[in-house]
Amino acid sequence: MLACRIHAKDDLRVEPQAMPAVGDDEVLLRLGAGGICGSDLHYYFEGRNGSFVVREPLIPGHEASAVVAAVGSAVTRVREGDKVAVSPSHACGRCGYCREGREQLCEHMRFLGSASRFPHVQGMFCEYFVMGERQCYPVADDVSLGEIAFAEPLAVALHAVNRGGDLLGKSVLVTGAGTIGCLTVLAARLAGAAKIAVSDILDRPLAQATTVGADVALHAARDADALRTPQFDVAYEVSGSFKALQTCMAAVKRGGVVVQVGTLPHEPLPFVVNDVMAKEVDLRGAFRWGIEFDWAVGYLASRKVDVRPLLSGQYPLADAVEAFRAAADKNRSTKVQLVA
């Protein structure tokens with residue numbers, strides 16, 4: 001079979017790999033669709049994602065759907081031929097954070113396609129891979145594999161919105177109109193936000209955000225004055241830009257909430273703590289997700305959340321380099337996926 005590996009910065013190869021063996025309580029999966037995430041792009045173009053550095057060949061990919069190819073003798077959750085959303089989160093279930101229901105903070109987390117540990121935890125950008133059955137969420141036949149692969153990024157958005165607190169009747173700003181930004185728009189609407197504005201430095205992502213329900217699109221340069229005016233109850237910084245975080249601090253009302261979702265550059269960043277103090281702003285982090293993955297699968301299966309407008313293209317696994325380059329071009333792509 002074929003597997004996509006990042007060996008170092010700008011060094012991505014599609015290579016042969018032996019088929020994996022399947023244990024009694026495991027499931028052999030054939031890749032349906034795998035979304036290329038911002039963290040995958042960081043690993044490819046920079047050789048790192050924040051503080052997580054590629055130190056050995058890494059198979060990326062943590063947003064995936066699959067078709068069950070075979071099951072172990074003890075598996076009861078899925079059957080051969082089922083379409084599934086695949087959870088990339090392998091929390092231990094035993095540490096204090098897991099027992100508190102915050103598995104995303106697990107002390108022993110193994111998250112697929114991540115260089116956070118060494119040896120790295122290999123991801124799902126390969127033709128076949130093996131998962132424990134609890135990682136597999138079966139989904140009805142009428143929802144496409146491309147849609148199902150949005151479960152992980154939608155879970156990120158749902159968790160971010162949860163971290164922002166009660167949104168019923170609130171005004172919301174989302175900085176960054178990529179996949180996570182657009183999904184945060186959808187999640188904030190589900191949570192009852194009355195007004196949702198999105199900002200970005202590019203026009204195409206802003207148009208995409210209005211397509212999925214943003215009320216206001218603000219260009220970071222042309223609408224700079226509006227973005228300096230305190231008018232939002234909650235702001236979500238999803239672009240991974242320090243300037244965007246500064247925008248959130250300026251645009252949020254006194255006593256408001258700012259949620260940092262995107263990964264900021266690894267270099268030390270200046271930050272005016274007095275802004276947090278003088279406005280009594282709550283600055284919160286949102287890291288991955290917990291129970292929200294289950295919610296995301298349900299929303300996608302029922303199409304209560306329709307992600308089809310966000311899918312820009314699908315590429316064969318063999319064309320992974322071309323797919324990564326397309327995914328990095330925000331003037332033409334929102335979500336790009338690899339397929340087997």
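Residue count for segment 28-50, restricted to those that are under 17 Å from the mean Cα position of the chain (by Cα) and in a helix (DSSP H, G or I): 7. Looking at this structure, is residue 332 part of a loop (DSSP other than H, G, I, E, B), open to solvent by 10 Å² or more (accessible area, probe 1.4 Å) and within 20 Å of residue 48 (Cα to Cα)? Answer is no for this residue.
Condition first: open to solvent by less than 30 Å² (accessible area, probe 1.4 Å) and touching a His at 6+ places or on another chain (Cβ under 6 Å). Can you find one or more residues in segment 98-106 that meet it? No, segment 98-106 contains no residue that is open to solvent by less than 30 Å² (accessible area, probe 1.4 Å) and touching a His at 6+ places or on another chain (Cβ under 6 Å).
The residue that is most open to solvent (accessible area, probe 1.4 Å), counting only those in segment 76-92 that are outside any strand (DSSP E or B), more than 14 Å from residue 113 (Cα to Cα) and not small (Gly, Ala, Ser), is 79. If the condition is being surrounded by fewer than 19 Cβ atoms within 10 Å (Cβ to Cβ) and closer than 23 Å to residue 168 by Cβ, then segment 195-216 contributes 195, 210, 213, 215, 216.
Of the conditions (1) modelled with pLDDT of 95 or more; (2) open to solvent by 10 Å² or more (accessible area, probe 1.4 Å), residue 124 fails just one. Which one is it? So residue 124 meets the others, but not (2). Restricting to segment 36-70, name every residue that is in contact with a His (Cβ under 8 Å, 6 or more places away or on another chain), of a type in the set (A, V, I, L, M) and either free of Cβ contacts under 8 Å to residues at least 24 places away in the same chain or surrounded by fewer than 24 Cβ atoms within 10 Å (Cβ to Cβ) (or both). Within segment 36-70, 54 is the sole residue that qualifies.
The values are calculated or read from the model by the stated rules, or taken from the named source; none is laboratory data. Remember, predicted model here, so these are calculated numbers, not experimental data. Heads up, the Cβs are rebuilt from the backbone with ideal geometry, glycines too, and the neighbour counts pull from every protein chain shown. For accessibility, only protein heavy atoms count, side chains too; no ligands or nucleic acids. Shrake-Rupley method; radii C 1.70, N 1.55, O 1.52, S 1.80 Å.
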